[in-house]
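Structure first, then comments.
The values are calculated or read from the model by the stated rules, or taken from the named source; none is laboratory data. The shown structure was predicted, so the numbers you read here are calculated from the model rather than taken from an experiment. Here Cβ is always computed from backbone atoms with ideal geometry, including for glycine, and neighbour counts include all displayed protein chains. Protein only, heavy atoms only, side chains kept; ligands, DNA and RNA dropped before computing areas. Shrake-Rupley method; radii C 1.70, N 1.55, O 1.52, S 1.80 Å.
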Amino acid sequence: MAKVSKAKQRLFTVLFMFTVSAFFIGILSFVYLFTKSTVVRNESLFLKKSVLYTAQIKVSDSPVEIEKVYKEKVEEIKDADGNIQYYSVVADNGATVAVFQSSGQGLWGVIKGHVGLKSDLETIAGIDFTVQTETPGLGARITEQWFKEQFRGKKGELKRVPEGTKSGNENEFDAITGATVTSKAVESMINKTVKNAPAVAGKGVKQ
Amino acid sequence: MNSKAGKITLANLGRENPVFAQILGICSTLAVTNVLENTAVMCAGLIFTTALSNTTVSILRKWIPSRIRMMVSTLIIAFYVILVDIVLKAYLPDISRQLGAYIGLIITNCIIMGRAEAFALNNKPGLSFVDGLTSGLGYGYVLLIIAFFRELLGSGTIWGFTVLGDWWVKWSIMVMAPGAFFMLAVFIWIVKGLILVDPEVKK
Amino acid sequence: MNGTETLGVFAIFFAAAITNNILLTMYLGMCSFLAVSRQVKTAIGLGTAVVFVMTFTSAINWLIYEYLLIPFELEYLTYIVFIIVIAAFVQLVEMIIERVSETLYSALGIFLPLITVNCAILGAALFMIIRKYTLLSAISFSAGSGAGWMLAIIIMAGIRQKMGTSKVPKGLEGAGITLIIAGIMSMAFMGFTGMMNLN
């Protein structure tokens, strides 16, 4: 007698868990699919804005303007499989900037971004970060304007110096106090991207 | 009925505050409070999730088999958090990027699970909603106060606006892990030592 | 190649346990840490349970992520699937221990529900996904994180036990002083930063 009801209880437990899970996961899947295209579009706009920023092209936040300027000024150079190798951008002063994708291992996770190089493929036109999950208030400060802007015009094998130094040397940049690992990661990922740039871009950039 | 809700509210905000009285939700308190803006976003997310998950658990409470009640609570909590995450990603992508790292911290936040177990499983949906909402508020104001000081002392800013100029030597420790521990300890010290000392004396 | 890979796996373990201690550097797993760190004996018990659950659930979750979520493009369900796996695993282990050994159950059993909400366990699983570890590295990472957590809670319990007869200001008794100790421990562990270059 007791055995039967125990089996019944177990069955109910399993069924209940299954039904409730299916119900909630079902709602989630629906919402996810419903918003998928919006999310994809947001991502695409975000990336485009980042590429433009890296090449020092000013745009507002308006999606229409971003799309328009991007279409005019950016050419996506792809490889045989359709993956973007780099972006060839016509900067505000008419010169060409090659924007490369860059990534490195930070403290908490992967850091992704863009590194833009002038036509000599050595001088940095600008950098930007697209993905980072570093410590807010510390490592995450790499997304602050002052940190990114300081890279414009830098050249050579980059070296970190303490925050606040504002060195005149073209290969030194201010790290972030208290965010050693993140600063190190940024240093090595930019250096790596610059080093690999000629190989990725082929024999120089179109004039 | 009204006074019951009132009593719950007072308790959750004061004497039975999830953070300084029950010592729950500490992980997020430490991680998030070095930037005031992030704290506000986190608290909004937590209040929303706690209120709704409490209500949902309460609605289902008569059917949940006792063996799997933790799994079911976890499922419901995770559901609401991910729902918030998906909706933010679509309609408020910048905020989503700020909150993204903390999503996991909300799901495992002991406050939400704690209220579900301690209250929602044994009370009606209406009261459970109030309990969830006020627990979240109790958590919220404690975090905002801590964040205010941590950001001010550690970065010289309030909500990103520079308040203390270059003359202020930033207490970097405040932005890092140890600062969080110390600030929370000081907060508890002040509350327990000075404010909640006498049962008759209430501030 | 095999040699460097083994070294890499060991480095990940060491980094997770010491230099990027999941509790003192990443803030995960605080609630049970503050509540259960009064005595070394209970700390060892809870710590062992955490290491066990963390390592096994991370391995299971890795497999599910790699062979179920990715192929079917269900990555958005990662959080919910992971946490359910953890909750189910803990429930299962609790049932098995209850069946198998009364003594083990009375020693360890009470800790298991506490572990389900231990953010460190979900956190470790999510980290291994974000960092795109291989299965072996993921296991090393989770075991290391668990070991690190266990180390921290044992140290804390040891300190608190020693302080048993010290005079603590009234307002700081319990949670307050524990947090201050944790802060100092956290500062100490910060000294390890940069020891392991994971780049």
Conditions (1) at positive phi; (2) buried (at least 21 other Cβ atoms within 10 Å of the Cβ): number failed by A:Gly94: (2)
Residues that are open to solvent by 50 Å² or more (accessible area, probe 1.4 Å) and of a type in the set (Val, Ile, Thr), drawn from the range A:134-163: A:Thr143
Any hit, the range C:31-46, residues being open to solvent by less than 10 Å² (accessible area, probe 1.4 Å), more than 30 Å from A:Ser29 (Cβ to Cβ), more than 14 Å from chain B (Cβ to nearest Cβ) and touching a residue at least 24 places away in the same chain (Cβ under 8 Å): yes
Qualifying position, being away from chain B (no Cβ under 14 Å) and open to solvent by less than 30 Å² (accessible area, probe 1.4 Å), among C:Ser106, C:Ser101: C:Ser101
Among the residues listed as C:Ser166, C:Ser145, the single one being over 26 Å from B:Ile103 (Cβ atoms) and either among the basic types (Lys, Arg) or more than 8 Å from every other protein chain (Cβ to nearest Cβ) (or both): C:Ser166
So A:Val194, is it open to solvent by 50 Å² or more (accessible area, probe 1.4 Å), farther than 30 Å from C:Leu126 by Cβ, touching a residue at least 24 places away in the same chain (Cβ under 8 Å) and within 21 Å of the chain's Cα centre (by Cα): no
Which listed residue, of C:Ile121, C:Ile80, is more than 19 Å from C:Thr48 (Cα to Cα) and open to solvent by less than 10 Å² (accessible area, probe 1.4 Å): C:Ile80
Single match in A:Val74, A:Val20 (criterion: open to solvent by less than 50 Å² (accessible area, probe 1.4 Å) and either touching a Ser or Thr at 6+ places or on another chain (Cβ under 8 Å) or charged (D, E, K, R) (or both)): A:Val74
Condition broken by B:Asn109, with the remaining ones in (1) within 20 Å of A:Val39 (Cβ to Cβ); (2) buried (at least 24 other Cβ atoms within 10 Å of the Cβ) satisfied: (1)
Matching entry among A:Lys112, A:Lys166 (being within 30 Å of C:Ile129 (Cβ to Cβ), open to solvent by 20 Å² or more (accessible area, probe 1.4 Å) and touching a strand residue (DSSP E or B) at 6+ places or on another chain (Cβ under 8 Å)): A:Lys112
The range A:25-57 - residue that is more than 9 Å from chain B (Cβ to nearest Cβ) and more than 30 Å from A:Glu75 (Cβ to Cβ) and, of those, farthest from the chain's Cα centre (by Cα): A:Gly26
Counted residues, the range B:71-106 - those being buried (at least 20 other Cβ atoms within 10 Å of the Cβ) and either hydroxyl-bearing (Ser, Thr, Tyr) or in contact with a Lys or Arg (Cβ under 6 Å, 6 or more places away or on another chain) (or both): 5
Any helices (runs of 4 or more DSSP H) falling wholly within the range B:117-203 and containing at least 3 residues that are modelled with pLDDT of 85 or more and open to solvent by 30 Å² or more (accessible area, probe 1.4 Å): B:125-155, B:177-190
Residue in the range A:15-24 that is of a type in the set (Val, Ile, Thr), within 12 Å of chain B (Cβ to nearest Cβ) and within 19 Å of B:Pro93 (Cα to Cα) present: no
Subset of the range C:63-77 that is away from chain B (no Cβ under 14 Å) and either under 16 Å from the mean Cα position of the chain (by Cα) or not hydrophobic (A, V, I, L, M, F, W, C) (or both) - its residue that is least open to solvent (accessible area, probe 1.4 Å): C:Tyr65
Meets criteria (more than 8 Å from chain B (Cβ to nearest Cβ), crowded, with 23+ Cβ neighbours inside 10 Å, more than 30 Å from A:Ser103 (Cβ to Cβ) and in contact (Cβ under 8 Å) with a residue 12 or more places away in the chain) for C:Met156: yes
Residue identified as more than 10 Å from chain A (Cβ to nearest Cβ), assigned to a helix (DSSP H, G or I) and out of contact with any helix residue (DSSP H, G or I) (no Cβ under 7 Å at 6 or more places or on another chain) among B:Ala51, B:Ala5, B:Ala21, B:Ala11: B:Ala11
Yes/no for A:Ser50 being closer than 30 Å to C:Tyr79 by Cβ, touching a residue at least 40 places away in the same chain (Cβ under 8 Å) and surrounded by 13 or more Cβ atoms within 10 Å (Cβ to Cβ): yes
Any hit, the range A:178-190, residues being under 26 Å from A:Val90 (Cβ atoms), touching a strand residue (DSSP E or B) at 6+ places or on another chain (Cβ under 8 Å) and open to solvent by 50 Å² or more (accessible area, probe 1.4 Å): no
